[in-house]
Amino acid sequence: MSKIASIDVGTNTVRMLIFETEPGGRLCEIGQERAITRLGEGVGTRRRLLEHRIQGTLSVLAKFCDRCREHEPITIRAVATSAVREADNRDDFLNRVRAELGLEIEVIPWEDEARLMIEGVLWRLPDAEKAVLAFDIGGGSTEFILARNREIAAATGTLLGTVRLTEKFISHHPIVEKEYRALEEHLRRELNFIKEELSACPFEMLVGTAGTVTTLAAIDGGVFPYDPEKVHGRTLSLGRVEKILADLKRKSLEERIAMKTMERGREDLVIAGSAIVLEIMRVFESDLLMVSEYGLREGIVLDAMKRKKLPGTR
C-alpha cells in the first residue's frame, strides 16, 4: 500500500488531503485538514504576497508537513494557484517554503488547475457521464470546465475570486445595497462573456465545488459539525441560494461568525462567493446546482497516482 498527500495552497485557504491506496487501487482517506490563511490578500492591487500572510501560511504548511511525516513513507504533491501565480514575489515565497520546510510547491497554470479540478469532481460524482459544467470558486479566480463522458470539452478561467471581489466591492457589513449592485453588475457582465465562450457546448448538469459552495450546502442543510458525506451530492435550488444570500447580506460580521455552519475566516468573503454562485445559476439558466465535496485536492492525488503508475488509475 502507498500513501499520497495533496496540499493545495490557495488564495484564501490551504488544504491538505491524505489517501492510502488499498489492494486493487481503491483510495481510502486517512486524513484531511484545512486552514484559512488568506495568502492572496492584496495581490489583486499590490501584486505581492504580504509578509504577515506569508508567515501565517508557512505556519500552517509546517503543521501539515508534520502531519504527513506521521504517515511516512508518503508521497507529497503540493500546488499553488491564483495568488502565488500572480505575485511578483512568488519566488521568494517558494524559496522560503523550500528552505524552511523542505517542501516543493508547484505553481500550476489555470489550465492545469481546471484539469485537476474536474478530475476530482468527476471522481465520485453521480451521473458523471452526462455533460457537466463544473465551476470552482477560489479566492483569486473561478475556473469553469465543461466535460462530456469524463473528457474536457471546454474550459476557461476568470479573475472572479472571493478575496479579489470582496476587496474591490464589499466594505460594509451588513451589506450596503449600492456596493452589492456594483458587484452584481460586474459578475453578470463577466459571466455573460463566459457563457458566450462556452455556448457551443450545452450542458445537462451544473456542479459547484470548493468552500463557498459547500458552505451554502451546510447552511441549507443545517450541517454542523461539518460532515463531507452530508454535503457531497446535495442540490441547491436557485430560490434557496437567493434566500440564503439575502439573509447573509442582512447580518453583521459578528452575526455571521455566530452561525454554527459558518467557517471562521469566511464571514466577509461569503457574500461575494454566494453572489458568484447565484449569478452563475442565473446567467447559465440553471435552477439546480449539484454540490461536490471533491475537487482540486482529489484531482492532485489522482494525478500523483498516475505519475507513480499505481493500480486503479487510468
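The values are calculated or read from the model by the stated rules, or taken from the named source; none is laboratory data. Since the structure is predicted, the reported quantities are computational estimates derived from the model, not experimental observations. Using ideal geometry, Cβ is built from the backbone for each residue, glycine included, and neighbour counts are taken over all protein chains shown. Surface areas here come from the heavy atoms of the whole protein model, side chains and all, with no ligands, DNA or RNA. Shrake-Rupley method; radii C 1.70, N 1.55, O 1.52, S 1.80 Å.
This table checks each residue for (1) surrounded by 16 or more Cβ atoms within 10 Å (Cβ to Cβ); (2) without any contact (Cβ under 8 Å) to a residue 24 or more places away in the chain.
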| position | (1), (2) |
| --- | --- |
| E185 | no, yes |
| R188 | no, no |
| L191 | yes, no |
| L198 | yes, no |
| D227 | no, yes |
**Prompt:** Which of the following residues is on the phi > 0 side of the Ramachandran plot and surrounded by 22 or more Cβ atoms within 10 Å (Cβ to Cβ): A210, A218?
**Reply:** A210
**Request:** Kindly indicate whether K168 is within 30 Å of L58 (Cα to Cα) and open to solvent by 10 Å² or more (accessible area, probe 1.4 Å).
**Result:** yes
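Could you list, in sequence order, the residues of the stretch 89-108 that are touching a helix residue (DSSP H, G or I) at 6+ places or on another chain (Cβ under 7 Å) and not in a helix (DSSP H, G or I)?
Filtering the stretch 89-108 for residues touching a helix residue (DSSP H, G or I) at 6+ places or on another chain (Cβ under 7 Å) gives 90, 93, 96-97, 100-101, 103-105, 107.
Hits for the stretch 89-108 are L103, E104, I105, V107.
Going through the stretch 259-294 one residue at a time, which ones are in a loop (DSSP other than H, G, I, E, B), among the hydroxyl-bearing types (S, T, Y) and more than 17 Å from K230 (Cβ to Cβ)?
Of everything in the stretch 259-294, just one residue is in a loop (DSSP other than H, G, I, E, B), among the hydroxyl-bearing types (S, T, Y) and more than 17 Å from K230 (Cβ to Cβ), namely S286.
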**Looking only at the stretch 68-97, and only at residues there that are among the hydroxyl-bearing types (S, T, Y) and closer than 24 Å to E167 by Cβ, the one that is modelled with the highest pLDDT** = T81
**Complete:** Quick count over the stretch 8-54, residues being open to solvent by less than 60 Å² (accessible area, probe 1.4 Å), basic (K, R) and assigned to a helix (DSSP H, G or I), is 0
**Asked** Of E100, E143, E104, which residue is open to solvent by 70 Å² or more (accessible area, probe 1.4 Å), under 15 Å from D8 (Cβ atoms), modelled with pLDDT of 90 or more and acidic (D, E)?
**Response** E104
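Here is a yes/no grid of residues against (1) in contact with a Pro (Cβ under 7 Å, 6 or more places away or on another chain); (2) charged (D, E, K, R):
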{"residue": "I244", "(1), (2)": "no, no"}
{"residue": "K249", "(1), (2)": "yes, yes"}
{"residue": "I257", "(1), (2)": "no, no"}
{"residue": "R264", "(1), (2)": "no, yes"}
{"residue": "D268", "(1), (2)": "no, yes"}
{"residue": "V283", "(1), (2)": "no, no"}
{"residue": "L289", "(1), (2)": "no, no"}
{"residue": "I300", "(1), (2)": "no, no"}
{"residue": "K306", "(1), (2)": "no, yes"}
**Complete:** Filter the stretch 126-138 for residues that are open to solvent by 10 Å² or more (accessible area, probe 1.4 Å) and either basic (K, R) or assigned to a loop (DSSP other than H, G, I, E, B) (or both); the one that is nearest to L27 (Cα to Cα) is P126
